[in-house]
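Visitor: For reference, the structure I am asking about is given below.
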Amino acid sequence: MAQSDRRIRMDHWIVAILLFTMASIAFVNVLSRYLFHFSFAATEEVTINLFVWMTVIGSGIAFERGGQLGMITLYRVLPKRWKKFVVIFSSGLSAVLFVLVDFYMIQAIHEELTLFHATSAALGIPVWIYYVGVPIFSVFVFAGIYRDASSKLGALTSEGGL
Amino acid sequence: MEIVVIFLSFLVLMALGVPIGTSLGIAGVITIYWFDLGIGMLGVNFASGIASFPLLAIPFFVLAGVILEKAGLAATIAHFFELVVGKAVGGLAMVSVMTCMFWGALSGSGPATTAAVGLILLAPMIKQGYDKHFAAATIANASDLSIIIPPSIAFIIYGTITNVSVSALFVAGIIPGLITGAGTVLVAYLVSKKSGYRGLERRGSLKEILIALKDSIWAILAPVIILGGIYTGVFTPTEAAVVAVFYSLFVAVVIYRSVTWRDMIRMLVDASVTSSVIMFIVVFAGIFTWATSVIGVIDKAADFVISVSPNAATMIILVNLLLLALGMILDAISISYLIMPILIPVLAAFKIDPLWYGVIFISALAIGQATPPVGVNLFTAANLIKGDLDSIAKQAIVFVIMDVIVLIILSLFPILSLYLPVLSGLYKL
């Protein structure tokens, strides 16, 4: 996987803070359970939902770094024009997938706000609050897919030849 | 007919180089849409596929590994092994394998181990006269051990899919991991002997070795805490992982003082990204498997496996062959999601213990991490030496043969996998 960028960007800050918060909550839980025999187990719910947000942002950075796992055996031997097509096609599909996830997530949030008003099991937080991170942080996924595609296309163009 | 189209679309996308997670996701969405399984739940299913406490162990173990690597612990451990076995024939090759084994007890991911150990030992090995492709193949292959020796991301995934206790799986992996490690050391030694790779000039004195042991104590304590906590049942794997994170932070910040705030942010970002690459596959593989199981493909496939296998042994051999073949083109996580749901009813039909089978399954998949064209450890190693994948893969063949022999041994003797979990009380047969 590519090395970290030199500059720490906003998405880097957010994802770092999310992971650190997750680890801290989980650690405090372990300590309190074993040392003080007191459990904040309900906060587990916050941790696992921050995990969802972290995964969304992390996936965006992974796209940007070209770090998503895939099979490049065939891609490597394709002629250049095909490579360009595959890059656009592949990035387009990834974007479509997240558009669909976001679309149905926003629909679910809308239903929560207008119809169901469901609250979470442990802390009684309205579930839409947990949901809303997915479409919001997806912005970073689209940015990552775009950056990945444009850097690959740029490299293909500058190589020259067929 | 539709089913053929769904699987074909997945395979074509994969072959074109579309990310595995995207390929699974698109195929899953097509299935859900086509069979009207409730596409409206896609967003919520995406979130609930990630929001699981056992899976939380993945980012935490990844983070602990990143911090310990940054603190320089891999080098400390490598130095200790160098003093002990460095002088023997193939000394550095064996040091590499042993360091990979040790790192496997800190990290649950093959490529992470390849990178951590490769950065330290590839250059010295090449300087010592080793063929650089053999050096890379040794480390790529020994890094397979990371997913057999606990902690292991692959076991966390297996446990999530099959509902087998991840703690029991971790403990089950200890003896098979040591056997595979011993086999890898042996191959490294034999190849080195044949190729004339000599050891280092001198052996460490007892005093030097003891000093190196003292320096390594912080590294050695990490697996003791992680595995000890899990073995005694004090921690769940996720708890052990988060304890490992803060232990690593303590070692890096207080003991080694090698980590700045800027490093800290970078490590958190890198760990998030690595874990997201895994979770991206987990979540869409989960959706794909769910959709295909609802339309009955899984049951049909399971019936098929049962019908072509006259007995349990044949089934295990056939599936092992399939896993080795799939391991060449897919990563361990996607294979687990594609194959295990089919095998759960098969295991029940043949009365095969799912814990024991987990060790067989993951050992078979571990081999795939170092086989081309999609071998995550091979990729990482090839990047490190700026070398070519195929030349490394050729050198890896002899290791793969040894791995297959160990796989057969593990398949013949279930006690190797089941002894410790039963002894620890984490598992009842």
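Visitor: Can you give the charge dipole size of the stretch B:86-204 about its Cα centre, rounded to the nearest 20 debye, using +1 on the beta carbon of Lys and Arg and -1 on the beta carbon of Asp and Glu?
Guide: Values: 8 positive and 3 negative charges, 107 e Å.
Charge dipole, the stretch B:86-204, about its Cα centre: 520 debye, nearest 20.
Visitor: May I ask for the distance between the Cα centers of the stretch A:60-104 and the stretch B:323-370, given as a whole number of Å?
Guide: Answer, in whole Å: 27.
Visitor: Once amide H atoms are built 1.01 Å from N in the peptide plane, which residues 5 or more positions from A:THR119, or in another chain, come under 5 Å H to H?
Guide: A:VAL127
Visitor: Normalized C-alpha radius of gyration of the stretch B:108-211, against 2.2 N^0.38 Å?
Guide: On the way: Rg = 16.7 Å, N = 104, 2.2 N^0.38 = 12.8 Å.
In units of the globular-protein estimate, the stretch B:108-211 measures up at 1.30.
Visitor: Something else now. Find the centroid of the Cα atoms in the stretch B:4-48 and in the stretch B:233-268, then give the distance between the two in whole Å.
Guide: 37 Å
Visitor: Please work out whether chain B counts as rounded, prolate or oblate from its C-alpha gyration tensor, where a ≥ b ≥ c are the square roots of the eigenvalues and a/c under 1.5 means rounded, while otherwise a/b larger than b/c means prolate and anything else oblate?
Guide: Details: a/c = 1.66, a/b = 1.50, b/c = 1.11.
Here chain B falls in the prolate category.
Visitor: Here's something else I'd like to know. When all alpha-carbon pairs of the stretch B:66-143 are counted, what percent fall beyond 21 Å?
Guide: Working: 484 of 3003 pairs.
The proportion of pairs with Cα distances above 21 Å equals 16 percent.
Visitor: About the Cα centre of chain B, what is the dipole size in debye to 20, counting +1 per Lys and Arg Cβ and -1 per Asp and Glu Cβ, all else neutral? It would help to have the intermediate numbers written out before the result.
Guide: On the way: 19 positive and 19 negative charges, 250 e Å.
That gives chain B a dipole magnitude of about 1200 debye.
Visitor: Give the Debye-formula value of log10 I(q)/I(0) at each listed q (0.20, 0.21, 0.22 Å⁻¹), with one equal scatterer per alpha carbon of the stretch A:29-121, two decimals each.
Guide: Each listed q maps to, in turn, -1.08, -1.13, -1.17.
Visitor: Along the charge dipole of chain A, which of A:ILE109, A:GLY70, A:VAL15 sits closest to the positive end, that is, farthest toward it, with unit charges on the beta carbon of Lys, Arg, Asp and Glu (+1, +1, -1, -1)?
Guide: Working it through, the farthest residue towards the positive pole turns out to be A:GLY70.
Visitor: Which one of B:SER293, B:VAL259, B:LEU412 is farthest out on the positive end of the charge dipole of chain B, using unit charges on Cβ (Lys, Arg +1; Asp, Glu -1) and the Cα centre as origin?
Guide: The residue sitting most towards the positive pole is B:VAL259.
Visitor: Same structure, new question: Let's see if you can work this out: charge +1 on each Lys and Arg Cβ, -1 on each Asp and Glu Cβ, no other charges. What is the dipole magnitude of the protein assembly as shown about its Cα centre, in debye to the nearest 20? Intermediate results must be reported in sequence, preceding the final value.
Guide: Numbers: 31 positive and 29 negative charges, 365 e Å.
So the dipole magnitude of the protein assembly as shown works out to roughly 1760 debye.
Visitor: Does the protein assembly as shown come out rounded, prolate or oblate, given a ≥ b ≥ c as the square roots of the eigenvalues of its C-alpha gyration tensor, rounded meaning a/c under 1.5 and, failing that, prolate meaning a/b above b/c? Could the numbers behind the result be given before it?
Guide: Values: a/c = 1.33, a/b = 1.27, b/c = 1.05.
Cα axes put the protein assembly as shown in the rounded bin.
Visitor: Hey, how many Å between the Cα centroid of the stretch B:388-429 and the Cα centroid of the stretch B:85-139?
Guide: The stretch B:388-429 and the stretch B:85-139 have Cα centres separated by 19 Å.
Visitor: Can you give the helix-only mean residue ellipticity at 222 nm for chain B, where every DSSP H stretch with n ≥ 4 adds -39500 (n - 2.57) and the sum goes over all residues, rounded to the nearest 500 deg cm²/dmol? Mind dumping the intermediate values first?
Guide: Numbers: 22 runs with 328 residues, N = 429.
Estimated from H runs of four or more residues: -25000 deg cm²/dmol.
Visitor: Going by a ≥ b ≥ c, the root eigenvalues of the Cα gyration tensor, does the stretch B:155-257 fall in the rounded group (a/c under 1.5), the prolate group (a/b larger than b/c) or the oblate group? Write down the numbers at each step before the final one.
Guide: Details: a/c = 2.95, a/b = 1.34, b/c = 2.21.
Taking the square roots of the gyration eigenvalues as a ≥ b ≥ c, the stretch B:155-257 is oblate.
Each value in this text was obtained by applying a stated rule to the coordinates, not by laboratory testing. Predicted model only: the values in this text are computed from it and were never measured. FYI the Cβ positions are ideal-geometry reconstructions off the backbone, even for glycines, and counts take in every protein chain you see.
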